[in-house]
1. On the given criteria, is THR24 among the β-branched types (Val, Ile, Thr) and surrounded by fewer than 18 Cβ atoms within 10 Å (Cβ to Cβ)?
2. Output the residues belonging to region 41-75 that are over 13 Å from HIS206 (Cβ atoms) and within 15 Å of ligand 1 (Cβ to nearest atom).
3. Against the definition (more than 16 Å from ligand 1 (Cβ to nearest atom) and in contact (Cβ under 8 Å) with a residue 40 or more places away in the chain), how does ILE193 come out, yes or no?
4. From the residues in region 194-250 that are open to solvent by less than 40 Å² (accessible area, probe 1.4 Å) and acidic (Asp, Glu), which one is nearest to GLN14 (Cα to Cα)?
5. Can you tell me which residue in region 80-105 is nearest to ligand 2 (Cβ to nearest atom), limited to those that are exposed (fewer than 15 other Cβ atoms within 10 Å of the Cβ) and not basic (Lys, Arg)?
6. Which residues, taken from region 246-277, are farther than 19 Å from SER54 by Cα and touching a helix residue (DSSP H, G or I) at 6+ places or on another chain (Cβ under 7 Å)?
7. Are any of the residues in region 158-170 touching a residue at least 40 places away in the same chain (Cβ under 8 Å) and among the acidic types (Asp, Glu)?
8. Hey, could you check region 75-100 for residues that are small (Gly, Ala, Ser) and touching a Ser or Thr at 6+ places or on another chain (Cβ under 8 Å) and say which is nearest to LEU169 (Cα to Cα)?
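The values are calculated or read from the model by the stated rules, or taken from the named source; none is laboratory data. Everything numeric in this text was worked out from a predicted model, so none of it was measured. Here the Cβ positions follow ideal geometry from the backbone for every residue, glycine too, while neighbour counts run over all protein chains shown. We work out accessible area using only protein heavy atoms, side chains counted, and drop any ligands, DNA or RNA first. Shrake-Rupley method; radii C 1.70, N 1.55, O 1.52, S 1.80 Å.
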Amino acid sequence: MPDLRFSRAAASKQAIRIRQLYKTYDAHKEKIAALENLSCDIAEGEFAVILGPSGCGKSTLVRIIAGLEQPSSGTILVNGSRDSAPGKTCSMVFQSYTSFPWLSVLDNIAFAMRYTSTKTKHERRTRAQELARMVGLENFENAWINELSGGMKQRVSIASALATESRILIMDEPFGALDSQTRMAMQEQLLTITEKTGKTVVFVTHDIEEALVLGDRIYVCTSRPARILAEMDVALPRPRTPEMRNRKIFVEMKYEIFHLLRDHVYAQILETHRARR
Ligand SMILES: Nc1ncnc2c1ncn2[C@@H]1O[C@H](COP(=O)(O)OP(=O)(O)O)[C@@H](O)[C@H]1O
Ligand SMILES: [Mg+2]
């Protein structure tokens, strides 16, 4: 039977609601506007992708969603509430590897549960083993972090983020430091994992193909200060398969986004470079 469920967010209950968000940093006596009048809604269970050029304000946005940063003005509701305590509501995976080098793979994953879960030590260990299996690290449970490749280190981070049981998983360019082959393998694995867990995902990337491979919906951002330039539904069924990269809709959307970015973002980047010369 064909999968007619184009979006995982079928129930479309809101997980994140952002209205007129502004963020300005005070840096070295100058003000840097990172977000300007940014509004968007992310539904529960949706795989939302924030796509935009480097330095536009993507990390600022997700840090505010995670409660790690305060906005200058505007409103943000996460699960209907204003305060998103880090770890409880949202868990995060960053581009840089953030595991503890003095703990084993399994202890890293179990550690994430220590302050966010009511599980006993034994239950945490059992759950950590399940998660290690889910991310394909069952044979590396006792390895040290510095014995792992970049892709494996990110799998530890993903398993640790899943361990917190928060309903929202924020991933800030998690595969940015990986080579393109590992990156594709990680995308495929992430699809399997998120389809299994049904979590709301907010995934940051500057890569158009990555956005299309993974997302239910793509929020295309302008250059700094970031605003939402376009909001696009990816009308590809789930489970996603690698062959979908060849589908007409995939190729068309890829070029649509490319042209959008070319008109609104690349032109601005080139102009800035010209002005500096
Ligand atoms: N803590 C900070 N203090 C001052 N400026 C910052 C801070 N964090 C980010 N910025 C600036 O805000 C802009 C957006 O940064 P960021 O959100 O990290 O962008 P992105 O993740 O899209 O690359 C950049 O110009 C960056 O230098
Ligand atoms: Mg960033």
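1. On the way: among the β-branched types (Val, Ile, Thr): yes; surrounded by fewer than 18 Cβ atoms within 10 Å (Cβ to Cβ): yes.
When the stated conditions are applied, THR24 passes them.
2. Hits for region 41-75 are THR60, LEU61, VAL62, ARG63, ILE64, ILE65, ALA66, LEU68, GLU69, GLN70, PRO71, SER72.
3. yes
4. If we take residues in region 194-250 being open to solvent by less than 40 Å² (accessible area, probe 1.4 Å) and acidic (Asp, Glu), then ASP216 is nearest to GLN14 (Cα to Cα).
5. Across region 80-105, the extreme among qualifying residues is SER96.
6. Across region 246-277, the qualifying residues are PHE250, MET253.
7. Just the residues of region 158-170 that are touching a residue at least 40 places away in the same chain (Cβ under 8 Å), to begin with: 158-170.
Keeping just the survivors that are among the acidic types (Asp, Glu) gives 165.
Within region 158-170, one or more residues are touching a residue at least 40 places away in the same chain (Cβ under 8 Å) and among the acidic types (Asp, Glu).
8. Here the residue is SER91.
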